[in-house]
Structures are given as structure tokens and as C-alpha cells.
């Protein structure tokens, strides 16, 4: 039987950010947007599928500000092909965040119908939601953070939502096809320029979260600043991004992945495994930190509704995760993004015990009890984690780490799964 490493609990300290009063912050920021709000206007509020802390409170505050300006807001799901690319699926994603017609007191128009709103300079069609285009104004609400598919001066945020979110399934597919030719940032920027020019876009509310997944800032961005404002915000978001505190890990155990955690399910900004492929070579060979030899994913989040995109970036998983997959939702998302490998199903085992045992055996380590093992809840939650003694021996000098639980054998329940 495999001699599992002993595990201890640690907490990673992140510099705190000032607490934020959501309603007060929105009231102040909306001064930038009010000139574009006419009393009586119908305003489409675009809300996505990401797991943003306090998203319901933020959307409720946006709606309150719009109503205070005398407008009539309604919500549209702005999430491309997520939710299985169906109206019911996207409405269900919003409901999982308690964003419903009943809870917020405004309609949700969930149609996926789109039309071409214009073309890029090289003739590429740009799509927009028919429901949003019928409104007098469109306001987007989204978090700004580094993207999971590309690096650059643009990440995931309002411009991306204006193209992929407002474009629904058809617009998301068109953007990824263009990105395959010119790159993601160039594709998003050229298409977003059309959206800004040809639609009743008012602007957006950008959200920044700190390393503890708490709301750090809310920033209103009017239409005229849409093309430029996110560059500086992305740099701040990069500085706030949580990271694993170890350069080299033999086995990373991830309790859950999902679309509410990351667009890629398993955030490459944390794991170093990018959606354009990775090597399974056990030798580091100069590769950047964190260098992770094996990744074991245990389960899906409930909020992902069976969409397991990103599971293809893991080496090992569980049979229960495989049974929980909505294969249609997962494949639609992966194919729309032109990344079918992110939906590949890894080797899977009935129990965590066997999955961990097989993963450790595959490392070619003489004594696997000395393996450098890290267990995290997900790639958004890097405060509390469990690590093996071998890692703690190399990390005691890090002032940002403290022990929360002394070393003990890896604990499994009666079914052979991690406690």
C-alpha cells in the first residue's frame, strides 16, 4: 500500500484591502454614467456566469442606481455559450447566484437570439443580443482579471463581455474563430470597437477582487473610456491575484473546479497549465513556477451545473466527477472556445484514496511519503490549504504562512474519500 505523506494545515496571509460599502461606492461611481441615462429609458444590464463575490448585492445596487435615475432596468444573461447555450440553462446559472426576477424585482430576458451589429475592419461579423439591442441603453457588470487563455494588456472584463457575453453563443464562436487567426486580444479589441460604436452601450461597472476573493473596488466606466480603462485595472488585478506559495509541487489536489471558479474551470494563472497545452514531463527543465507535476481534481462545484471544462488540464480525477459531468454543456463550451482538449476526461478512479495513490506512484519518486503535496479547495481559494511535511520544511521561512493544523496522516472516510 502507498505510504501517503503526512499532511498539515497552513494559512497563507494576503495583504488586506480596505472594506467597501457597495451601495455607497456605486452611488459615487454612477456620477460618471448618469449623463447617459435618460428618464424612462429601458436599460439592459448584462450579468455573466462568473462566481463573483457579492455579485447579487452589486447587481442589486446597479439596478437601484438605474431606477433612481428614472430608468427601467432589466437583466440579460451575458455569458456566451455557458449554461449549455440555452435560455433555461443561462437563467439557472443566474439563479444559482440568487439573481432572479423575484429576488431583484426586474425582468430577465434570456433569449439567445442575435443579429450582426457591424463588421471589423477586416470584415469579420460582430453579433449582439437582440434583447439588448432593443433597449435604450446597455450596461455591463463584470470582474476584471487576468484571462485564462492569453496574456496581454487585456484580460477578462467588460470588453470581453461586450463581445462574447452580448454576442451569446454565436458571437462567442465568432470571436474564437477570429482569435485563432489574429490572437485573442486583437480579436476582442477589434470586435469590441464595433460594439461600442454600433450599439446603445452606456458603459459598465468593473469589479476588482483581492487575493481573498473579496470585493476590493467598483469602478464605473463610461462608453468613451471602454477601449482604454481596463488596461490599468488589469495590472491592479494581476497584483491582487492569489498564488500558490510554492515553486515546485509534486501533486496538487483540487477539491472542485467550475465555471464559477474560472472561465477555464481550473485557473491556469494559478496552476501554470495553460489551455493551449502543457507538458507531462516530470523534469522541470527551467519551466516557470509553479511547476506542478500532477493535478488531481476531486469534484465539480454545484454552481457549474455539470460544465466540467478544464478537467482536461488535470491528470487524474474521480468517477463521481465523471458521472456528474453534463457532457453537452462541457463540449459546447470547449468547442466554442476552440479548446477541445480542456474537456478531455482524465484517468479516473472510484475513490480519492486510489486516485492519490496512483498519482503518487506515477511520479517516479523512490519514497512517495516525501512527495510535495498541496491540497486546495479551488483555484480561487488559496488562503487555507493542506500541505505535506516535505513542503513545510522548505516553506517555514515564508512570513506569509502559518500552521493551522499539526501534521497528521492523510485522513479518509469509510468510502475511501478525503475527509
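The values are calculated or read from the model by the stated rules, or taken from the named source; none is laboratory data. These figures come from a predicted structure and were not determined experimentally. Backbone-built Cβ (ideal geometry, glycine too); neighbour counts: all protein chains shown.
Counting the residues of the range 45-101 that are more than 26 Å from residue 214 (Cβ to Cβ), without any contact (Cβ under 8 Å) to a residue 60 or more places away in the chain and in a loop (DSSP other than H, G, I, E, B) gives 3.
Residue-level check: of (1) farther than 20 Å from residue 95 by Cβ; (2) buried (at least 17 other Cβ atoms within 10 Å of the Cβ), residue 300 misses just (1). Given the structure, is residue 256 in contact with a strand residue (DSSP E or B) (Cβ under 9 Å, 6 or more places away or on another chain) and on the phi < 0 side of the Ramachandran plot? Spelling it out, residue 256 is indeed in contact with a strand residue (DSSP E or B) (Cβ under 9 Å, 6 or more places away or on another chain) and on the phi < 0 side of the Ramachandran plot. Applying the condition of being without any contact (Cβ under 8 Å) to a residue 40 or more places away in the chain and over 15 Å from residue 52 (Cβ atoms) to the range 140-161 and asking which residue is surrounded by the most Cβ atoms within 10 Å (Cβ to Cβ) yields 150. On the given criteria, is residue 295 assigned to a strand (DSSP E or B) and either under 24 Å from the mean Cα position of the chain (by Cα) or touching a residue at least 60 places away in the same chain (Cβ under 8 Å) (or both)? Yes: the conditions hold for residue 295.
Per-residue answers, yes or no, for (1) surrounded by fewer than 23 Cβ atoms within 10 Å (Cβ to Cβ); (2) part of a loop (DSSP other than H, G, I, E, B):
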site	(1), (2)
242	yes, yes
245	yes, yes
251	no, no
259	no, yes
262	no, yes
265	no, yes
269	yes, no
279	yes, yes
283	yes, yes
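Counting only residues that are free of Cβ contacts under 8 Å to residues at least 24 places away in the same chain and either in contact with a helix residue (DSSP H, G or I) (Cβ under 7 Å, 6 or more places away or on another chain) or not assigned by TED's automatic domain parsing to the domain that holds residue 51 (or both), the range 114-133 holds 1 of them. Would you check which residues across the range 219-241 are free of Cβ contacts under 8 Å to residues at least 12 places away in the same chain and within 11 Å of residue 146 (Cβ to Cβ) and list them? Those that are free of Cβ contacts under 8 Å to residues at least 12 places away in the same chain and within 11 Å of residue 146 (Cβ to Cβ): 235, 239.
Within the range 317-339, does at least one residue satisfy the condition of being within 15 Å of the chain's Cα centre (by Cα) and more than 19 Å from residue 86 (Cα to Cα)? Among the residues of the range 317-339, not one is within 15 Å of the chain's Cα centre (by Cα) and more than 19 Å from residue 86 (Cα to Cα), which makes the answer no.
Checking 178, 218, 151 one by one, the residue that is assigned to a loop (DSSP other than H, G, I, E, B) and either modelled with pLDDT under 90 or under 27 Å from residue 110 (Cβ atoms) (or both) is 151 and no other.
Screening the range 83-123 for residues that are on the phi > 0 side of the Ramachandran plot and surrounded by fewer than 17 Cβ atoms within 10 Å (Cβ to Cβ) and picking the one that is nearest to the chain's Cα centre (by Cα) gives 98. Of all positions in the range 162-175, at least one carries a residue that is farther than 15 Å from residue 77 by Cα, buried (at least 22 other Cβ atoms within 10 Å of the Cβ) and without any contact (Cβ under 8 Å) to a residue 40 or more places away in the chain.
Assessment of the range 361-373 against the conditions (closer than 18 Å to residue 256 by Cβ and in contact (Cβ under 8 Å) with a residue 24 or more places away in the chain) yields at least one matching residue.
In the range 323-343, which residue that is in contact (Cβ under 8 Å) with a residue 40 or more places away in the chain and closer than 12 Å to residue 307 by Cα is surrounded by the fewest Cβ atoms within 10 Å (Cβ to Cβ)? The residue in question is 328.
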